[in-house]
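The values are calculated or read from the model by the stated rules, or taken from the named source; none is laboratory data. Nothing here was measured: the structure is a model prediction, and the numbers come from that model. So basically every Cβ, Gly included, is an ideal-geometry build from the backbone, and we count neighbours across all protein chains shown. To get the accessible areas, we keep the full protein, side chains included, count just its heavy atoms, and leave off ligands, DNA and RNA. Shrake-Rupley method; radii C 1.70, N 1.55, O 1.52, S 1.80 Å.
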Amino acid sequence: MADSPLRRQERKIVMNTYKVTLLRGDGIGPEIVAEAVKVLDAAGKKYGFAVEYTDALMGGCAIDATGVPLPQETIDKCLAADAVLLGAVGGWKWDTLPGNLRPEAGLLGIRGALGLFANLRPAKIYGPLKGACPLRPDIIGDSMDIMVVRELTGGIYFGKRGRETVDGVEAAYDTEYYTTKEVERIARIAFESARKRNKKVHNIDKANVLESSRLWRETVLRVAKDYPDVELQHLYVDNAAMQLVRNPKQFDVMLCSNIFGDILSDEASQVAGSIGMLASASLGEGKRGLYEPIHGSAPDIAGQGIANPLATILSVAMMLRYSLDEMDAADAIEKAVEKVLDDGLRTPDIYTEGCRKIGTVEMGDAVVAALA
Ligand code: NAD
């Protein structure tokens, strides 16, 4: 039945409006973000919410315009938003700049400024793309759908480090260091995430050797008491690396420290096969998060209209799920992506014979159509 004008008026009044800051970045960044915005707007139309966008500069484009990769104005615009969508930063043009002035310095800076301590990286194989998985079909079975939850602002990457000379021999050290508070908050993210999925957490550590891992495991066990509905298992990191290629189907959520998560999430994404398909979310204490594809700015294909926008579109689905609480819209976008793949539409990076090769804009349009 068609809505009456009064009904439409009421719906308009209660319609949520979200503020999203866009960091389009460099290389293919602007191309893929444009498609993700198109899909987010279509989802809003269908599910009754609106999005207000603010553009901000980060990376090489910010260096060109302001001399620094992360201007304060960008931080302020991100702090004022409900969520941030990032394309990618970097490119050959800026490769010779000193580390702190390179585009990638903006990535660490924005994570710190927004207090984003949790990195969520789903590694999923979509049925029609099984051929892209380097493992045998009998190993991956019907599907693989893993969520790596990585601690992002602690551990050995941030611990005490240095160099010294001992008895005339040069030495260097980095320290794996975690407080119970840091472990507890990332563990909660993993358990909460498992609750929205298949209710299974694998805690990854090296508690047979490292004191920091023993404290990590004790803390995870304590937090687990608040989540009796979630199954918890422990794996040493070396075994986890092996299990990821031996039997990836056993995993739902993998809870990892910064360094273990860095390594295992790359392994998991490689198992999933295609870099143009994988999304990620970085979260902090509140609801605000930063969402981005895991790939870089792909300068080799920038401007050609052939970049795969699906990882960025799937990042928008994560944004709807984790920051905006629009679960139906998130599910619908993921299903629309699956439909497009089922229909045989492919950007060149995921193209196989018998499919139809299309460009970035056409792929965005196809997802919008599937959503409708
Ligand atoms: P990359 O991910 O940009 O590209 C690796 C390969 O994958 C390239 O051949 C590229 O064409 C292809 N590729 C990547 N994304 C694709 C997509 N959506 N569709 C089709 N093909 C895609 O990695 P790189 O070449 O090592 O890095 C390029 C630049 O990106 C560097 O400056 C790097 O520092 C930066 N980078 C940025 C981020 C980020 O912004 N978060 C992450 C990684 C790398």
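Out of the strands (runs of 3 or more DSSP E) lying entirely within region 71-168, which hold 2 or more residues that are charged (D, E, K, R) and touching a helix residue (DSSP H, G or I) at 6+ places or on another chain (Cβ under 7 Å)?
Values: elements: 83-88, 118-125, 144-151, 161-166.
Result: 118-125, 144-151.
For T74, the conditions (1) open to solvent by 30 Å² or more (accessible area, probe 1.4 Å); (2) more than 11 Å from the ligand (Cβ to nearest atom); (3) not hydrophobic (A, V, I, L, M, F, W, C) are fulfilled apart from (1).
This table checks each residue for (1) more than 11 Å from the ligand (Cβ to nearest atom); (2) surrounded by fewer than 24 Cβ atoms within 10 Å (Cβ to Cβ); (3) in contact (Cβ under 8 Å) with a residue 24 or more places away in the chain.
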site: I259; (1), (2), (3): yes, yes, yes
site: D262; (1), (2), (3): yes, yes, yes
site: V271; (1), (2), (3): yes, yes, yes
site: I275; (1), (2), (3): no, yes, yes
site: L278; (1), (2), (3): no, yes, yes
site: G284; (1), (2), (3): yes, yes, yes
site: K287; (1), (2), (3): yes, yes, yes
site: E292; (1), (2), (3): no, no, yes
site: P299; (1), (2), (3): no, yes, yes
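Regarding region 198-212, can at least one residue be identified that is surrounded by 14 or more Cβ atoms within 10 Å (Cβ to Cβ) and modelled with pLDDT under 95? Scanning region 198-212, I find no residue that is surrounded by 14 or more Cβ atoms within 10 Å (Cβ to Cβ) and modelled with pLDDT under 95, so the answer is no. Restricting region 77-98 to residues that are within 14 Å of the ligand (Cβ to nearest atom), crowded, with 21+ Cβ neighbours inside 10 Å and of a type outside the set (G, A, S) leaves a set whose member that is nearest to D26 (Cα to Cα) is V89.
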